[in-house]
Structures are given as structure tokens and as C-alpha cells.
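Asker: Okay, handing you the structure first.
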Amino acid sequence: MTQTRTLPSINGRTFKMVSSTTSVVNHDAPSVFHYFEQDGVIWGDYTGDTVTIGRFVGTRTGDTIWVSFVHVLAATGEVVTGDGESEIEMDDDGMLRLVEHYEMHGAAQLSVCVETASA
């Protein structure tokens with residue numbers, strides 16, 4: 001059975017990381033993610049904080065997205081790859097939030113990204 005989407009599209013939305021179990025988030029310069037969505041396909045890019053450049057691609061089913069990602073660590077230049085799953089949630093102000101579950105360094109990780117207000 002295919003789950004139907006209940007929350008709005010994340011196409012063209014920008015999110016910033018507010019917490020992560022992988023590293024301490026620099027709240028003055030967090031990683032920023034740009035999401036695009038069309039016909040169940042998700043893609044985008046990210047940069048900031050501990051990452052010089054990152055890209056992801058994946059799919060959306062209902063309010064769950066699954067992505068494969070690759071990024072370059074700012075401190076070492078190491079290229080990191082992985083997969084993750086995020087639940088899309090809406091806060092009381094109508095802004096979207098992504099609760100991300102992924103594996104890195106051989107351990108389960110969790111991060112939270114919140115939608116940034118449009119300019």
C-alpha cells in the first residue's frame with residue numbers, strides 16, 4: 001500500500017541544522033540544506049558548519065524521505081557517504097522540520113533541521 005503525502009511539498013524550501021549527534025552544531029553558521037522535490041524524487045545540496053559541500057538524492061513516500069548523500073568535511077577534506085531517512089513534521093507555527101536518522105562512523109545518528117523563514 002502506498003502512503004499518501006499529508007504535509008506540503010519541500011520543493012524550494014531551505015532548512016538549517018539545529019541539532020546533531022554526529023557533531024556540535026555551530027548555531028552562528030549551521031549547515032544549510034536546499035531541498036527540491038518533484039514526482040516523489042528528492043534532491044538538493046548543503047554547506048556550512050562542518051561541511052564544505054554536500055549533495056543528496058532520494059525519494060519521498062508520504063511524509064518520509066530517504067536519501068543517499070555525499071559531502072566533504074571542512075576539517076579534513078575527507079569525503080563521507082551514507083544513507084538516511086527523515087520524517088517531515090510541522091511545528092505549531094506551520095514551519096516544517098526534518099527529523100533525520102542516518103548512520104555515520106558505524107553508529108546510528110540523529111539530527112534535526114528546521115525550515116528557515118522566506119525572505
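Each value in this text was obtained by applying a stated rule to the coordinates, not by laboratory testing. All of these numbers come straight from a predicted model, not from anything done at the bench. Cβ: placed from backbone, ideal geometry, glycine included. Neighbour counts: every protein chain shown.
Asker: Place a +1 charge on the Cβ of each Lys and Arg in the chain and a -1 charge on the Cβ of each Asp and Glu, then give the dipole magnitude about the Cα centre in debye, rounded to the nearest 20.
Answerer: On the way: 6 positive and 17 negative charges, 48 e Å.
Computed about the Cα centre, the dipole is about 240 debye.
Asker: Could you list which residues have their amide H under 5 Å from that of VAL18, counting only those 5 or more apart in sequence or on another chain, with H placed in the peptide plane?
Answerer: Long-range HN contacts for VAL18: VAL112, CYS113, VAL114.
Asker: Turning to a different aspect of this structure: In whole Å and largest first, what semi-axes does the C-alpha gyration tensor of the chain yield when each eigenvalue is scaled by 5 and square-rooted?
Answerer: 22, 16, 13
Asker: So what are the ³J(HN,Hα) numbers for the stretch 19-30, from phi and the Karplus equation (6.51, -1.76, 1.60; θ = phi - 60°), rounded to whole Hz, Gly and Pro as x?
Answerer: Along the stretch 19-30, the couplings run 7, 7, 7, 6, 7, 6, 7, 7, 5, 7, 8, x Hz.
Asker: Apply the Karplus curve 6.51 cos²θ - 1.76 cosθ + 1.60, θ = phi - 60°, to the phi angles in the stretch 9-14 and return the couplings in whole Hz, x for Gly and Pro.
Answerer: Working through the residues one at a time gives 4, 9, 4, x, 8, 10 Hz.
Asker: Would you mind checking which residues have amide H under 5 Å from ALA74's amide H? H placed 1.01 Å from N; only 5 or more apart, or other chain.
Answerer: VAL51, THR52
Asker: May I pose another question? Once amide H atoms are placed 1.01 Å from N in the peptide plane, what residues at a sequence separation of 5 or more from VAL57, or on another chain, have their amide H within under 5 Å of its amide H?
Answerer: Amide H neighbours of VAL57: SER68.
Asker: Identify the GluC sites (Glu not before Pro) of the stretch 32-119 meeting these criteria: DSSP loop state and at most 11 other C-beta atoms within 10 Å of the C-beta.
Answerer: Hits after loop and neighbour filter: GLU78.
Asker: Could you tally the net charge around GLU115, taking each other residue with its Cβ under 10 Å from the Cβ of GLU115, Lys/Arg +1 and Asp/Glu -1? Don't jump to the answer; show the numbers that get you there.
Answerer: Numbers: positive: ARG13, LYS16, ARG97; negative: ASP91, ASP93.
So the surrounding residues net to +1.
Asker: With 10 angstrom as the radius, rank SER19, SER111 by how many other C-beta atoms surround their C-beta, starting from the fewest.
Answerer: With the fewest neighbours first, SER19, SER111 line up as SER19, SER111.
Asker: Let me have the relative contact order for the stretch 14-115, percent, based on Cα pairs under 8 Å that are six or more residues apart.
Answerer: Here the relative contact order equals 24 percent.
Asker: Excluding VAL32 itself, calculate the net charge of residues whose Cβ lies under 10 Å from the Cβ of VAL32, where each Lys or Arg counts +1 and each Asp or Glu counts -1.
Answerer: -1
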